[in-house]
Amino acid sequence: MKKAVVKIIVSLSLLASILMFAGCGATRVQNVKDESEANQIIDVLHEYGIDATTNPVGEGERRVYEIMVEGNSETRNAAVQLMQDHCLPKPEPPLVEGGTIINSIEKEKQQDYRRTKINIESQLRKLPGATCVEVNFVPPQERTLALNPYPSKASVLINYKTDAFSTNKDDIVALVTNSVPALQPENVAVVIAQKQLRPLPENKNYQITRIALIGGIGFATILTFVGIVYFLQRKRRDDEPEQIEDYADEQQDRESPLLENRYDFDEDDDDGLNLP
């Protein structure tokens, strides 16, 4: 019986561990090439309580940052939805076609443009209530390419989830113009709009797992208590015959000297009667 109780307790412990980790594990939900953009995604996911990490893969130009999310399918779906609502990640620029030299120069320009864009959006996303941030700008045309080069221009779209947005447009324009060379405030268009985030999917699997886990632990606790009580009672019943036997031996030891003394006393009396 004791072995059976132990087997049941061990089985329930294993079942509780399986339920705890069922459906869990790190899963890749996105790849990005820029580390700062990966950090933005991680910050957004952490803000909503999702356990996410970055995993660098590859070297050089092939290096990417995997966004890994811990949890079940509902958690991963919530992470994807949050990235979409926060306009993350940004689409990769189109491939540059041309010779080796032209390709290298244009690619470097694209990388500079993308880095500047991500840095501006990262700063604007830190504003209270900001969610989706889109920044596009046109660098000024070089004077060597045109008689009347066009100036630098920029457009900014900010969605916010709060009832009001505390940052005014002038502050946003100042932030953007200080980040883009030769950009004048009058050439920056800013649009601010309220847009609530979509409700995150309910984590039903997590709730079911949690209920099952709590129930399993409770059941295992009850069985453990019953097993301990049974063991103590069994031990007590096993000890009772030994205690009774020890008590009988003790009583017999106590009575033996009395009987011997009585016998000696009788002999003494007989000797006294036979005296001449």
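Throughout, read-outs are computed from the coordinates displayed, never taken from laboratory work. The model shown is predicted, which means the values in this text are computed figures rather than measured ones. Cβ sites come from the backbone with ideal geometry, for glycine too, and all protein chains shown count toward neighbours.
Taking amide H positions as placed 1.01 Å from N in the peptide plane, with prolines and chain starts having none, which residues 5 or more places from Lys153, or on another chain, fall under 5 Å of its amide H?
Distant-sequence amide H within range of Lys153: Val138.
In whole Hz and in residue order, list the ³J(HN,Hα) couplings for the stretch 66-72 that follow from phi through the Karplus curve 6.51 cos²θ - 1.76 cosθ + 1.60, θ = phi - 60°; x for Gly and Pro.
Computed from phi, the couplings for the stretch 66-72 are 7, 8, 9, 10, 8, x, 8 Hz.
Go through Lys90/Lys126; Lys126/Lys153; Lys33/Lys153 and tell me which ones have a Cα-Cα distance over 20 Å in this structure.
Exceeds cut-off: Lys126/Lys153; Lys33/Lys153.
Under the Karplus relation 6.51 cos²θ - 1.76 cosθ + 1.60, θ = phi - 60°, what is the ordered set of whole-Hz ³J(HN,Hα) values for the stretch 76-91, x standing for Gly and Pro?
5, 5, 5, 5, 5, 5, 5, 4, 5, 5, 9, 6, 10, x, 7, x
Report, to one decimal in Å, the Kirkwood hydrodynamic radius for the stretch 32-136 based on all distinct Cα pairs.
It works out to 15.1 Å.
Go through the stretch 46-63 residue by residue and turn each phi into a ³J(HN,Hα) via Karplus (6.51, -1.76, 1.60, θ = phi - 60°); whole Hz please, and just put x for glycine and proline.
For the stretch 46-63, the Karplus curve yields 5, 4, 9, x, 9, 6, 9, 9, 9, 10, x, 9, x, 9, x, 5, 8, 6 Hz.
Counting Lys and Arg as +1 and Asp and Glu as -1, each charge on the Cβ, what is the dipole of the stretch 130-171 about the Cα centre in debye, to the nearest 20?
So the magnitude is around 140 debye.
What is the sum of charges, Lys and Arg at +1 and Asp and Glu at -1, for the other residues whose Cβ falls under 13 Å from the Cβ of Val190?
Result for the local shell: -2.
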